[in-house]
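A short reminder: the numbers here are calculations on the coordinates, not readings from a lab. Computed from a predicted structure; not experimentally measured. With ideal geometry, Cβ positions are generated from the backbone for all residues, glycine too; neighbour counts draw on all protein chains shown.
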Amino acid sequence: MRNARLRNDRPRPIVENREEYHSIVRYLVLLLVWLVPTAARTDTLPSLGDPSQTVLSPAQERQLGESIMRQIRAAKEYVDEPEITDYINGLGYRLVAVSPDAQQRFEFFVIEDNTINAFALPGGFIGVHTGLIRAAETESEVASVLAHETAHVTQRHIARLFQQQQQAGLASLAAIAVAILAARASPDLAAAAMAGAQYATLQTGLNFTRENEREADRIGVQILEKSGFDPRAMPAFFDRLQRAYRVYDTNAPAYVRTHPLTYERIADVQGRVDALPYRQVPDSPEFQFLRARLQQEQYAPRDAVAHFENILDEKRTINESAARYALVLALLRTQDFQRARAQAERLQADVPNSAMVATLMGRVRTQSGDLKGALQTYAEAVERFPRYRALYYDRARLLLDTKQPAAALNTLGQVMRFSPPDARLYRMQAEAYARLGQKLQEHRAQAEAYLLMGSLPAAIEQLQLGLHAGDGDYYQQSSAEARLRELRSADSEARKRR
């Protein structure tokens with residue numbers, strides 16, 4: 001086993017399984033005890049303007065959201081796949097661009113969970129469960145949920161929840177934030193957040209008020225209309241979930257429990273969209289491919305192959321390309337590379353201008369052992385789709401596996417020029433530097449990876465190891481020393497607040 005791989009292992013995530021999710025709740029209670037007092041002081045806050053600003057400013061709300069997101073990103077349920085995250089953020093920002101507050105910072109992310117749910121966190125972070133994407137029948141239905149959650153953020157409904165509880169005490173305010181996280185991510189875990197707090201106080205933090213929901217519906221419909229999606233998808237999706245609620249009773253879909261649906265609320269949304277002109281909006285190929293990918297993952301590999309082969313043979317789909325995309329993925333899971341390649345080539349002939357299909361072809365060639373052909377596929381694809389992250393990730397990984405670390409660093413540098421770095425990029429960068437024997441740069445990159453995964457002490461340790469390695473030029477040494485001082489200062493401030 002390579003030493004580089006040992007050094008670049010991820011730190012143990014806070015969430016190993018659903019039972020350990022409770023540790024997030026306990027951690028956040030302690031975390032928010034020092035976060036909220038700063039946000040809750042009223043002696044220095046303005047007396048005029050948005051009432052929600054009297055408790056949490058936008059900057060403080062973002063800080064709170066970042067603190068929660070560090071824990072979510074470390075969870076194994078967090079989907080760290082560039083194809084999925086790029087799609088959901090592209091969809092989200094299409095909505096944000098026409099929202100009432102287009103300057104608000106947003107980040108959309110996906111959680112691997114079969115439940116039908118989505119949730120908004122403080123600071124513009126919006127999570128979507130894979131179960132919701134699988135359950136949606138159209139792209140506009142997914143967009144309708146994101147538009148609704150976007151409206152919760154732009155209207156600062158979470159800050160208003162804090163405002164309503166201003167008199168409840170700092171501990172209760174912290175508990176409300178924890179309850180929002182627990183209930184929005186998984187309503188079944190909300191009971192853990194309620195421990196030790198008054199039920200009446202926390203209940204207002206678990207669900208947005210009816211007024212908030214109606215406002216989010218109204219703004220969401222406007223966002224859908226302006227962004228070019230079908231606004232009728234919102235009442236259609238809500239109605240389907242509401243009918244599921246009648247079927248499942250107390251085991252209603254998670255989204256129903258965190259966003260209670262009533263006949264009046266659905267009728268109100270339906271009345272709004274009825275006044276709009278009819279618009280037929282086709283799904284994007286990316287949505288169809290992504291949905292098919294998530295659907296095939298629900299089956300055992302051989303069952304997935306049989307399922308999608310039957311769909312194609314019997315022509316039981318209106319989107320043959322999406323079914324074939326899923327079939328290729330299923331064939332890769334069974335290691336039937338010859339059939340996977342034949343189906344992938346047919347798919348590429350049918351959909352020649354898709355970055356997702358080009359990425360799939362690269363993976364087919366890689367997994368079938370045609371590494372030279374895979375490298376050529378990726379080289380050609382990044383020229384055609386220069387801002388598609390998955391191609392760069394796959395190409396860098398293959399370059400590392402074929403012992404070309406310098407070329408891998410160049411590929412990683414290209415994607416970092418147009419994309420915010422993430423932990424995976426930094427881990428691959430650290431591996432490349434390790435193979436080149438550049439110890440300082442290896443540890444510097446690993447430090448940034450740990451920092452993005454929420455482990456500040458581990459990041460500090462990596463920088464210390466790098467500086468003790470004794471290599472690196474003057475600029476690299478000075479930069480690493482400055483970064484170490486910055487992280488030590490942040491760690492010191494965090495310790496003081498605990």
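Details
- Per-residue Cβ neighbour rank within 10 angstrom, fewest leading, LEU261, LEU276, LEU121: LEU276, LEU261, LEU121
- Cα gyration tensor shape for the stretch 267-425, rounded if a/c is under 1.5, else prolate or oblate: oblate
- Placing +1 on the Cβ of every Lys and Arg and -1 on the Cβ of every Asp and Glu, with nothing else charged, gives the stretch 352-498 a dipole about its Cα centre of roughly 340 debye.
- Per-residue Cβ neighbour rank within 10 angstrom, fewest leading, HIS152, HIS468, HIS157: HIS468, HIS157, HIS152
- The stretch 284-334: C-alpha gyration tensor shape, a/c 1.5 cut-off, then a/b vs b/c: oblate
- Förster radius 45 Å - calculated FRET efficiency between ASP401 and SER489 (Cβ-Cβ, nearest 0.05): 0.70
- When the Cα gyration tensor is reduced to axis lengths a ≥ b ≥ c, the ratio a/c is 1.5 or higher for the stretch 327-387, and with a/b not above b/c it is classed as oblate.
- Each of PHE229, PHE109, PHE418 was scored by other Cβ atoms within 10 Å of its Cβ. Arranged with the fewest first, they read PHE418, PHE109, PHE229.
- For the stretch 437-498, the spread of Cα positions along each principal axis, largest first, Å: 38, 20, 15
- Here the peptides 301-309, 455-463, 472-480, 443-451 are ranked by packing, the mean other Cβ count within 10 Å, and the order with the highest first is 443-451, 455-463, 301-309, 472-480.
- Residues ARG105 and TYR278, FRET efficiency given R0 of 30 Å [Cβ-Cβ distance, rounded to 0.05]: 0.30
- GLN464-LEU312 FRET efficiency (beta carbon distance; Förster radius 60 Å; 0.05 resolution): 0.60
- Mean Cβ neighbour count within 10 Å, used as a protection proxy, ranking 371-379, 122-130 highest first: 122-130, 371-379
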